[in-house]
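A.B. asks: This is the structure I want to talk about, given as structure tokens.
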Amino acid sequence: MAGTDIREHGEATAAPPTVLPVKVDLPESAGYRIKRTLLGRPLVTEQLHSEKLSNPTALGILGIDMISSSAYGSEQMLTQLVPYFGLVGFMLIMPITGIILGLMILLTVCYRDLITHYTKAGGSYVVAREQFGVKIAQIAAVALLIDYVVTVAVQTAAGTDAIASWLTFTYNINIDSWKIWISIAVVLILAYGNLRGIREAGRSFALPAYFYITLAGTTVLLGLVQLATGHLHHANNLHDQNTANPVLDLGTHGSQSLLVFAAMAALLRGFANGGSSLTGLEAISNSVSVFRQPTGINARRTMTVVVTILGSLVLGISILAWQAKTMPYSGGNPTVISQLTRLIWGNNALGTAMLTAVQLATALILYTGGNTSFSGFPFLASFVAEDSFLPRQLTLRGHRLAFSNGIIILTVLSLVLLVATGGNLTSLVALYAIGVFTGFVMAALGMFRHHLLHREPHRRLRLIINVAAAVASAIVVLIFATFKFTEGAWLVVLVFPIGVWALIRTNARYRAEVEALAEAPATASLPTLTETSTLVLVDGIDLAVIRALRYARAQRPARLRAVHLMIDSARAEDLRRAWDASTAADIPLEIVEVPDRRLKRAAAELAAREAADGETEVTVLLPRRIYSPIVGRLLHDRTADDIAEALSPLPHVAAMIVPFDVVEAIAEQRCGNGGTTVQPRPAGRRRATHFDLLNARTPDNPTAQREPGEVPIGQVRWRERATVSGRVRSVRTAPVSGSPSVVCELVDDSGGLTVVFLGRRTIAGIEPGTRMRVTGTVGETAGRLAMSNPTYTLLPRDHEA
């Protein structure tokens, strides 16, 4: 049928057919214009594609959270040991560091095993869901979500401490009272950047990691050389109580206190605080798919290197802090790593320069390490929401293809946490490890069950490793929950079960809704009732009502009438007189008394009476006037929405809201009355629309690069052969009862063309967003240019071209 005209219902068109309109001159809302100003031009879905990372780049991007924890891990151990053990606490840091490094190695081996079997996404949520089911997996989901929130707060607070330490040592400036505001500002900047679409895969995020590794590694290495040669200086701040931020009090119990329960508790709290160094281990397992092939091998190698760097830095800093006796300060400023930097490089020009470099590198890696949560939290939340355990709004991508709702929620929660703790790092660390180590427990148990069910090489060894990792991680969780309970861990202990319960309840609600809708008789083949009746509820005679009446007439119902629900008889009489004098007088107006002023009940009774015969489909049209978002909610109610909600349960009754924009009407009236001066648009110019932004001709837009012989769609001629290319805007198929066909709209920036494939209901590869080249003779359908059964070629999408 190529080359023949395609006419619907056998009707001939009087005028020559035209191309499909591509751009519609609809003004954008003020809110959207503000959003575009703040966030930039929108990104289209085709621009969403993943970048494969080399191992060095992946180390800097995915390992940044874990490596950055070396800046505060050793210090957090000292904050718990020194107040109870005094100078002995510096010695005790070494065995605790050794235990933490041993646990790190055990978890690394466990996660290397996990990456071997989960080469796309191997986080604890995925493993738990596959091994234990979606309900049990919510334990891992809540654990990781909590961890992401705390990570943002901890990383930003630690980064601000690094800045404060630099200013204290270099310029003798104390900014402790401003630290919380600096941290809040950093979180807001990170949120803004991610809403604009900053991708974790951006190569620039790898630079802070290597900057920190180089400077911190050089400082630690030089300090160890000085220690070996006897030239390492000792700190002289053991009794520094003269500043606004004193050092922690030295314990006076000595070694005898090891037999006291309080001392044991201090040891366990020190171990728990040091365990914060292991956070971030899951980042690589969550992102295996972004590695280059072979993904599993590259991810395992990168994880090994990251853990080696972290372990070396933590061990080196612990040794130097032990030997130099660098006391932690109660407010976190100056930090232990800044004190070591000053001692190692000296109090001279070179020392000041190195202190500045090390502290800025530390602050930068900590801040960017916090940014990893802005990728992890929204993605995990969207994943859990796809399983119907979180609100489905979290699955929606925003203006710049980021999961905006998840980013906003993470920002709010992390800001609340920062304000509640005053930005104090030690207080925040008390909340840290419960979430992340619970995730370790779920991942290790999941891999244990996997090996229990599958007979693979080295099965027994892997079972031992994974069960050991699960037990060790569970012990850390218990230590945190017990010995850090009064320091803030009670909040996580309280929120955790509530969070799991809330996710399961959310899923139960979604499942109940799905089951209810599945049982509803909603197929298109149901018999249609013989009568139709349309009721237009009116409370006056104005443009909103006229619009609703015009729409009602266009539906051509068997019965049509306007109804006023009367509360005030005087107003009803005024309405009747105005109705009789208006152009709507040919539509009957019915006035229904509502003596108890229950409008929703009266509307429901009216519709029920209309549909009582069982043979009538009733449509109730509700004019709704749209006002400005803020003033409108203050000055006007939402009666139309309330009535529509009351009508929704009634059988054979459909409520439809007909909106009318009052704000636009006011603006037009002011322009007509000269109340506001509006600069007219130049001839041929029109307001830019969202579609214009997506279809602008740019070097990256393949629709601007055409093959020889191709013409823009806007230049094709009726009954002539042509070759055109563009993007498929929409696809529709004929109903099952009709002749099979696939109809799609192909558009470029000059116009649109209807493409009809007869004899088929689906065509592989042709879907909205597909780019396609078609060749055929141009006919028509419904007054628009069309091609029937053309030859076609699928083209790469924009990001693949």
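The values are calculated or read from the model by the stated rules, or taken from the named source; none is laboratory data. Remember, predicted model here, so these are calculated numbers, not experimental data. Every residue, glycine among them, receives a Cβ derived from its backbone with ideal geometry; neighbour counts consider all protein chains shown. When the accessible area is computed, the model is the full protein with side chains, heavy atoms only, and any ligands, DNA or RNA have been set aside. Shrake-Rupley method; radii C 1.70, N 1.55, O 1.52, S 1.80 Å.
A.B. asks: So how many Å³ per residue does the convex hull of the Cα atoms of the stretch 337-482 work out to? Walk me through the numbers before you get to the answer.
C.D. replies: Numbers: hull volume 31.4 nm³, N = 146.
Per residue, the Cα convex hull of the stretch 337-482 comes to 215 Å³.
A.B. asks: If you build the Cα gyration tensor of the stretch 62-123 and take the root of 5 times each eigenvalue, what three semi-axes come out, in whole angstrom, biggest first?
C.D. replies: Semi-axes, largest first: 32, 13, 7 Å.
A.B. asks: How many Å² of accessible area per residue for the stretch 319-436, probe 1.4 Å? Show your work: numbers first, answer last.
C.D. replies: Numbers: 3510 Å² over 118 residues.
Averaged over the residues of the stretch 319-436, the accessible area is 30 Å².
A.B. asks: Let me ask something else about it. Could you state the orientation-averaged shadow area of the convex hull built on the Cα atoms of the stretch 60-176, in nm² to one decimal?
C.D. replies: 10.4 nm²
A.B. asks: Distance between the C-alpha centers of the stretch 708-767 and the stretch 62-131? Whole Å please.
C.D. replies: 57 Å
A.B. asks: Can I ask one more? What are the ³J(HN,Hα) values, in whole Hz, obtained from phi via the Karplus relation 6.51 cos²θ - 1.76 cosθ + 1.60 with θ = phi - 60°, for each residue of the stretch 770-787 in sequence order, with x given for Gly and Pro?
C.D. replies: Once θ is set to phi - 60°, the couplings for the stretch 770-787 become 5, 9, 8, 10, 10, 9, x, 8, 7, x, 8, 8, 6, x, 10, 5, 8, 10 Hz.
A.B. asks: Continuing with the same structure: Roughly how many Å² of residue 36 are accessible to a 1.4 Å probe, to the nearest 10?
C.D. replies: Surface accessible to solvent at residue 36 totals approximately 90 Å².
A.B. asks: How much FRET efficiency would the formula 1/(1 + (r/R0)^6) give for residue 664 and residue 38, where r is the Cβ-Cβ distance and R0 is 25 Å, rounded to 0.05?
C.D. replies: Working: r = 24 Å, r/R0 = 0.94.
FRET efficiency, residue 664 to residue 38: 0.60.
A.B. asks: Taking the simple approach of a point 7 Å from Cα along Cα-to-Cβ for both residue 601 and residue 350, what is their distance in nm?
C.D. replies: Here the answer is 8.9 nm between the modelled labels.
A.B. asks: Grab the beta carbon distance between residue 516 and residue 233, set R0 = 51 Å, and tell me the FRET efficiency rounded to 0.05. It would help to have the intermediate numbers written out before the result.
C.D. replies: Numbers: r = 73 Å, r/R0 = 1.44.
So, using R0 = 51 Å, E works out to roughly 0.10.
A.B. asks: Continuing with this model, one more query. Give me the distance in nm between label points sitting 7 Å out from Cα along the Cα-to-Cβ direction at residue 173 and residue 763, one decimal.
C.D. replies: A separation of 6.6 nm, rounded to one decimal place.
A.B. asks: Take the alpha-carbon centre of the stretch 442-472, take the same for the stretch 569-591, and report the distance between them in whole Å.
C.D. replies: Measuring centre to centre over Cα atoms gives 79 Å.
A.B. asks: Something else about it: What is the spin-label model distance, in nm, from residue 721 to residue 733 if the labels are put 7 Å beyond Cα along the C-beta direction?
C.D. replies: Here the modelled spin labels are 3.2 nm apart.
A.B. asks: How much length is gained on full extension from residue 612 to residue 554, taking 0.36 nm per residue of separation minus their Cα-Cα distance? Mind showing how you got there, number by number?
C.D. replies: Values: separation 58, 0.36 × 58 = 20.88 nm, distance 2.48 nm.
Length gained between residue 612 and residue 554: 18.4 nm.
A.B. asks: Hey, another quick one. First obtain the Kirkwood hydrodynamic radius of the stretch 256-412 from its Cα pairs, then insert it into the Stokes-Einstein equation at 4 °C and 1.567 mPa s, and state the resulting D in µm² per second as a whole number.
C.D. replies: Value of D from the Cα-based Kirkwood radius: 67 µm²/s.
A.B. asks: Compute the length gained on full extension between residue 189 and residue 214: take 0.36 nm times their separation in residues and subtract their Cα-Cα distance, giving the result in nm to one decimal.
C.D. replies: Taking 0.36 nm per residue and subtracting the Cα distance, the gain is 6.4 nm.
A.B. asks: Could you quote the convex hull projected area for the stretch 341-392, Cα atoms only and averaged over all directions, in nm²?
C.D. replies: Computed as one quarter of the Cα hull surface, the answer is 4.5 nm².
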